[in-house]
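Here's the structure, in structure tokens; my notes come after.
We did not get these values from a lab; they are worked out from the coordinates using the rules stated. Please read these numbers as outputs of a predicted model, since none were measured by experiment. With ideal geometry, Cβ positions are generated from the backbone for all residues, glycine too; neighbour counts draw on all protein chains shown.
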Amino acid sequence: MSFSSKGPIRLTGSGSTRCSGRVEIYHNNSWGTVCDDGWDLNDAEVVCRQLNCGSALEVPPSANFGAGTGQIWLDNVTCSGNESSLTECQHSGFGSNTCEHGQDAAVICSDLIRLVGSGSSRCSGRVEIFHNNIWGTVSDSNWNLNDAEVVCRQLNCGSALEATQSSKFGAGTGQIWLDNVTCSGNESSLTECQHSGFGSNTCEHGQDAAVICSDLIRLVGSGSSRCSGRVEIFHNNIWGTVSDSNWNLNDAEVVCRQLNCGSALEATQSSKFGAGTGQVWLTGVTCSGNESSLSECQHTGWGNYYNYYNNYYYNYYGHFYDVGVICSGDNIF
């Protein structure tokens, strides 16, 4: 059970951990759940912060950690993401809902890492890690895109656009936990990278490291790199692929620009970087090449791939046509 100084809240359920699980709040002397109507990453961000669990990574749907029992205390929760506790967010009123426990809301938080500071967002900010029950910063000695890539992946924030130095998002306070971080870029967490040891440094907070991540787009797959790979986009809290219908260099140019990866060298088709899984979010993408993000281009609609092909084709062939890009950034960085 986890209690917050801002009010009793806990994450529980089947497969739950300290920083992931079904959200329950304590009201009128009883624990109750939260309905997932309108539940999104802004709401989850408040829960994660309230529990000192870093940043929100996912909002799993439909009682992912099992259905609760008893009261459903909150419904239609709407947070800006900056509130200090969930009950500060707008909602329908305690106990006012028509939900069932199959709709119990849940969160998955980053636990030991977060992005904070002046001008920060879910996927950009000063890097802080949680060690010995204290949040502390990372020094920017040798800080580069490989290190930032690990942070962005760990936070489910796509790819690294910038590895910023000199406290771009403001100076932290207290501990400086890591210095001389050296990542290959493939590690699953920042603490797996080489470093000088926890708390071993002669740095000041004017050297605090930060990252800017792509947030809603990433390049992944077999043989991928920071600037080449299968294109995946984040929509409705799920990563999904793009079908290669009409895919060309104009489309790839937008992706490369969005990822700060230079110009498009190839617009790959037929799952060159391996087939994805799950959702195919876009098909029939048509860009002029000048758009600032792929979602600004014309397309057939989110998740509309299924409607263009029969069920058999969708289930058995859909991911055979996942698109990719190869950007010049791999050659110039």
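Two numbers describe the Cα atoms of region 188-313: Rg and Dmax, which are 18.0, 62 Å. Whole-Hz Karplus values for region 221-229 come out as x, 5, x, 6, 9, 4, 10, 8, x Hz, taken residue by residue from phi with 6.51 cos²θ - 1.76 cosθ + 1.60 and θ = phi - 60°; glycine and proline positions read x.
All alpha carbon pair distances within region 3-109 were sorted into 5 Å bins beginning at 0; the resulting P(r) in whole percents reads 2, 16, 27, 30, 19, 5, 0. Only helical runs count toward this figure. For the chain, summing -39,500 (n - 2.57) over DSSP H runs of n ≥ 4 and dividing by all residues gives -3500 deg cm²/dmol at 222 nm. Taking a quarter of the surface of the Cα convex hull of region 113-213 gives a mean projected area of 5.3 nm². For region 228-261, chymotrypsin sites (Phe, Trp or Tyr not before Pro) are listed when DSSP marks them as loop and at most 11 other Cβ atoms sit within 10 Å of their Cβ; the list is empty.
If R0 equals 56 Å, the separation of the Cβ atoms of T182 and H27 corresponds to a calculated FRET efficiency of about 0.70. Entry note: region 212-275 has Rg to Rh equal to 0.92, where both radii use alpha-carbon atoms and Rh is the Kirkwood radius.
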